[in-house]
Each structure stands twice: as C-alpha cells, then as structure tokens.
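One structure below.
Each reported figure results from applying straightforward, stated rules to the coordinates on display, with no laboratory input. Model, not experiment: these values are computed from the prediction. Note that each Cβ is placed from the backbone with ideal geometry, even for glycine, and that neighbours are counted across all protein chains shown.
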C-alpha cells in the first residue's frame, strides 16, 4: 500500500502537469495570430535610448496590458529614467511570491545596416535571406522556423509576450497561479540600469519576494529549454595611445619615431594572448571556483561547439575548453581598434594616435574596482604612463609610452546556488513544462545587472531565457524564432501554475 501511495504521488503531479502543458499548447495553437500581433505591436514601439517618448509610450502600453489582465499596476519613477512598470497579482492561499523581470528597452539602431525598417516587424520563413511572409494571408498554425525581425523583438519583448500569453492560457484553462506574482519591467537595461538599484531600495517592502525569474538572454545553442543561475559582470575601457604630434612620413621616420598603431598591438597582446588567456598577474586570484553541481551541469550540456564553428565560419576556438566552460572565466575582449587608414585610403605615414576599446567580463567574486586597480597597476609596471586626459606637448616629450584610460560603467557577476530549494523547484517545474531535460547554465556568458537583485533582496535569482541563440541580439536584423516563443509560453505557464517549494 505504501509503495502504491508513493507511485501515485509521483504520477499524479506528472499527469497534472502534462494536462497543463496540453491545455497551454492548445490555447497557443488557437491564438497564434494574437500572440504574434502582441509581440509585433510591442516591436513597433521605439523603446530605445534615443527616443525617450518611445520608452514612455512602451511603459504605458505595458501598464495597460497588465491592468487588462487584472494586475494591480503602478509606475515606479526615477528622475531622468524611463518609468519602471510594477505589477502584482495575489493568489489566495499561495505561500510564495515570485517576481518576473524583463526589460522593454532595446539597443540603438543604425537603420542602414538592416534589411528592413527596425521598428516595422517583418516575418520571414527563416533567417534574413529567406522569403518574406504576408501575415495577413498566413494561416495558423505557423511554421515554428519562421522568424519575426525588429529591434528588441528577442531582447526582451519576446519574454514579455510569453509572460502575457502564458497568463492568458492559464486563465482560459481556469488554472490559478500557484504563487503570488510580481512583475518588474524596466526601460534602462541596455544602459546598465543606472537608476534601477535606487528604485529597488526605495521600494524594498513593495518589491519583496521569494524568488526572481529573469526573462532575458538567449537559450542554449542546442535549442534545449534553458535556465541560468547568474551572469558575468562587465566593465568597459577606452584606451588611447599617443605617437607624434603630427603624422610623419614612415619612410623618413619609420624605425625611429614610435608608431602608436604598433604600440597598441603590443599593448593588447600584453593584456591577453591569442587563446584568450589573461596575462595580468593574479587577475583571477579572487575568482570563486565552480561548485560540484555547477561543474556537473556544464558537463551534461549538449555539445554544440562543432556546429557553431561551422555556423560562425571559424576554424578554431580560443583555448581547449568548451563554450560554456570558457564563459565561466573572466575575459578581456577587444571591441574595436582604430589607427590611421587602410586600403586605398592608407597613407605612408606614422599616425598620431591609436585607440582601442575593451570589454572586460567579470566572474564571481571580482568587482569592477579590483579589476580596474589590477589593470592599471600592471600597465604602469610595464612602463606606461597612465593619464586621464589628452597629454600636452610637455607630457609627450617627458614620457615614452603614454596611454589615456577612460573607464566606463560596470557591475559585478552573480552565480546563485543551483542546489537551493527554490532552484530545485524551478528546475523541476520548468523541466515538466518542457517535457525534457533542461540545459542548466551556472552562469550566462553575457552580462545582466542582476547582482543588484541579490544585493537588495538576498533571494535566489534564476534566468529564464527564451530567445533563439542566433537572434542577432544587439546587432542589425534582430529576430525571434517562433518556435522559441511557443516553448517560452509553455515554460512561463509552468512556472506560474506549477511552482512550489
């Protein structure tokens, strides 16, 4: 009898979840046109930093969409920032409260680089070179390989749409959420959320919950439903290296006048090698080692490296570790390099200066302050004179190697405990919704300022990404694969209605 009860306890939740997934999927298949219309509508809203009115309009529209679904909604203002949309829905008898986070702002656009207008959504039968779909004539069910193109469609308006659609599906199935729900949708994430922490601290009691689910980032490259438990931190640096006061003929003066382009190349190679290794002594001395659970999760990920090399057109990778293992380490990336001219515009001249743009990716327990100090101490030890402003002629004459460093904003990394009760509950609920083993990432390679959520609330932070890995995030022709949106709706529904611990 005891064995029978154990079997029933195991089977009944599984059966209930299977029924839930079937109901949500059936609702989605019957409402695909409406779901696509929602994400298209949001994509038309110009929610980019250059358009403050577009950001405000987007926030107002999101407020209306939540209010129409019965959420208590309010704007959380911050001086000089787009409004933060906060919403709450209480479930009678629920013991836990979960906050769903996403951002509604997108990266700036250079329209000339796009194959279509960035804020006019276009459906194509695949990637950007595929045929365009006439959505007025298209009949559901839609091909899951179709892709919708537009700025912010994948980052993060797909997550916002999946949340809304999942809620609608549950309501249609007369299924109440298993948790109290709070929503935070902000409009400044693409600028490193400079005002968000202040708003969180000022509204700490209002925003308190037991768990944050972060609807940002791409799924694993294998298309396996994914959870991540942290994200790398970031820190930017602009370096300018100085040569002669005026460009000089490289025949008359080459081999004698120092060339800032060559100096910049040496400067870069002194910081990192060709395999991505960081040459700065003790740069990783404060890095937190991976736990046994994190190491196991990485080992169990589906292999994607060979396929990605073919997709990206590369013949090798940096280092011998796999992709995810590589993103568990700190990194120094060269974002850009400028000195003189090339091709038909090249002149036989030594340039006056060279500029290099760096992107540092941090891991726990590094901080922007400690990274900055280690970098500057190392550069000075290598014989460079570090300045914060353009040097005058006297400074140039007095120092052989001058570099101007301009540090940008940054924030530390986060890795939440994969073995916490909340984490185990999320893994179980998301796995039941997916009907398969999940891809579990101890930390996302990209950066999201989610460390502030842990700093303020001290609760688990777990990422819930649904966008396709090849969505051109932050670049031209950003897109959303419909199959990812469909899977995301099911995952969001599972985490709303089947989450408990």
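With the convex hull built on the Cα atoms of the chain, state its orientation-averaged projected area in nm².
Answer in nm², one decimal: 27.4.
Where the centre of each part is set by its Cα atoms, how far does the stretch 315-392 sit from the stretch 50-75, in angstrom?
40
Sort out for me the Cα centre separation of the stretch 138-165 from the stretch 250-314, rounded to whole Å.
35
In what order do 213, 245 fall by count of nearby beta-carbon atoms within 10 Å, going from fewest to most?
Exposure proxy ranking, most exposed first: 245, 213.
Checking the a/c ratio against 1.5 first, then a/b against b/c, what shape does the Cα gyration tensor give for the stretch 99-191?
Oblate, since a/c reaches 1.5 and b/c is not below a/b.
On full extension of the chain, what length is gained from residue 136 through residue 250, given 0.36 nm per residue of separation minus the C-alpha to C-alpha distance?
Gain on stretching residue 136 to residue 250: 34.8 nm.
How do 132, 197, 478 rank when sorted from fewest to most other Cβ atoms within 10 Å of their own Cβ?
132, 197, 478
If you take all C-alpha pairs in the stretch 210-304, what percent of them are over 22 Å apart?
Above the 22 Å cut-off, the stretch 210-304 has 60 percent of its Cα pairs.
To the nearest 10 degrees, how steep is helix 260-271 against the longest Cα principal axis of the chain, on a 0 to 90 scale?
So the inclination is approximately 50 degrees.
Within 10 Å of each residue's Cβ, count the other Cβ atoms and sort 153, 386, 98 from fewest upward.
Fewest to most other Cβ atoms nearby, the residues stand as 386, 98, 153.
Using a Debye calculation, one point per C-alpha and no hydration shell, please list log10 I(q)/I(0) for the stretch 434-501 at q = 0.11 Å⁻¹ in order.
-0.37
Give me the percent of Cα-Cα pairs in the stretch 165-212 that sit more than 16 Å apart, rounded to a whole number.
The calculated P(r) of the stretch 165-212 puts 56 percent of pairs beyond 16 Å.
Given contacts defined as C-alpha pairs under 8 Å and at least six residues apart, what's the relative contact order of the chain, whole-number percent?
Normalised by residue count, the contact order of the chain is 25 percent.
What number do you get for the stretch 136-288 when its Cα radius of gyration is normalised by 2.2 N^0.38 Å, N = residues?
1.70
What number results when the radius of gyration of the stretch 11-115, computed over Cα atoms, is divided by 2.2 N^0.38 Å?
1.39
Using only the alpha-carbon atoms, how far is helix 32-44 inclined from the longest principal axis of the chain? Give it as 0 to 90 degrees, nearest 10.
30
Can you show me the helix-derived [θ] at 222 nm for the chain, built from DSSP H runs with n ≥ 4 at -39,500 (n - 2.57) apiece and divided by the number of residues, rounded to the nearest 500.
-11000 deg cm²/dmol
Just to confirm the number: angle between the C-alpha axis of helix 157-172 and the first principal axis of the chain, 0 to 90 degrees, nearest 10?
10
With an 8 Å cut-off on Cα pairs and a minimum separation of 6 or more residues, tell me the relative contact order of the stretch 328-385 in percent.
Computed value for the stretch 328-385: 38 percent relative contact order.
Give me Rg/Rg_expected for the stretch 318-427, where Rg uses Cα atoms only and Rg_expected = 2.2 N^0.38 Å with N residues.
Normalised by 2.2 N^0.38 Å, the Cα Rg of the stretch 318-427 equals 1.53.
Which value, in Å to one decimal place, does the Kirkwood hydrodynamic radius take for the stretch 388-443 when every pair of different Cα atoms is included?
Across the stretch 388-443, the inverse of the average 1/r is 16.4 Å.
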